[in-house]
Amino acid sequence: MRAPFGSTIPGVIPAGIPAILLAAGKSTRMGRSKALLPLGPGETAETFLTHLVATFRAAGIDDVVVVVGYEAAAIVDALQRRGTDARFVFNKDYEAGQLTSLLAGLRAVDHPGVVAALVSPVDVPLVAASTVRALVQRYRETRAPIVRPVRGGRHGHPVLIDRTLFDPLRAIDPSQGANVIVRAHASAAGDVEVTDEGAFADVDTPAEYDALVARGRSALE
């Protein structure tokens, strides 16, 4: 490992809307870390996590925080070997549920000047940079407390969460999860219609992963 958890890779500047990528879970249904899954053949293929970090950076997000827990050292090392710009936060309570990882990420980004945070699980790897930009633009126009991509009644990722909801997230029972807050504060103003299928391609099982690889990335971008 080339840098300690919580360190900042040179060149990353905290911004008003950082991104939190949730990569701490045990990926029980997948049987191996989803963060390290390759999106193509060969040792140089992008992984779910490296592709997501690159996507948020391409969308203009300067501060990308990756929350790790299970297989943390391997995930951090894999990302740093590629020279990926990201910060890493270790969630020691990752087995208690995804909300604990979100709260660990919020602790890392919640400082003066931050107005909201983009949040995405690592198992939605193919969201397009254009979708991230569209969410940020809608937030700047409306200041909706929750901004999320939608398509045909489906809700995708990432989700942009206004800073006024950080404390309510900290106050809820971890067993409930963040969706309690997201659903309570979602609105038409914050729902952004997108054609990006990658925003809704949630990969949880080996069959879903095999199907994604078989289709190829171009089918989802």
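The values are calculated or read from the model by the stated rules, or taken from the named source; none is laboratory data. A quick note: this is a predicted structure, and the numbers were derived from the prediction, not measured. For the accessible areas, the whole protein counts, side chains as well, though only heavy atoms, and no ligand, DNA or RNA atoms are used. Shrake-Rupley method; radii C 1.70, N 1.55, O 1.52, S 1.80 Å.
Show that you can apply the helix-only estimate: for the chain, add -39,500 (n - 2.57) for every DSSP H stretch of four or more residues, divide by all residues, and state [θ] at 222 nm to the nearest 500.
My calculation for the chain gives -9500 deg cm²/dmol from helical runs alone.
How high is the relative contact order of the chain, given as a whole-number percent (alpha carbon pairs under 8 Å, six or more residues apart)?
Once normalised by length, the contact order is 24 percent.
What does the extension gain come out to for ALA189 and THR28, with contour length at 0.36 nm per residue minus their alpha carbon separation?
Extending this stretch completely gives an extra 54.4 nm.
Counting only heavy atoms of protein chains, what accessible area per residue, in Å², does the chain have with a probe of 1.4 Å?
44 Å²
Give me the percent of accessible area attributable to carbon and sulfur for the chain, probe 1.4 angstrom.
About 51 percent, which is the carbon plus sulfur part of the accessible surface.
Which of GLY152, GLY40, GLY83 moves most in a GNM of the chain, Cα contacts under 10 Å?
The residue with the greatest mean-square fluctuation here is GLY152.
GNM on the chain, C-alpha springs below 10 Å: top fluctuator among ALA23, ALA35, ALA59?
Looking only at ALA23, ALA35, ALA59, the largest GNM fluctuation is found for ALA59.
Per residue, what volume in Å³ does the Cα convex hull of the chain take up?
116 Å³
Which of these, ASP210, ASP162, ASP191, has the largest mean-square fluctuation under a Gaussian network model of the chain (Cα springs below 10 Å)?
Maximum fluctuation in the GNM of the chain, among the listed residues, is at ASP210.
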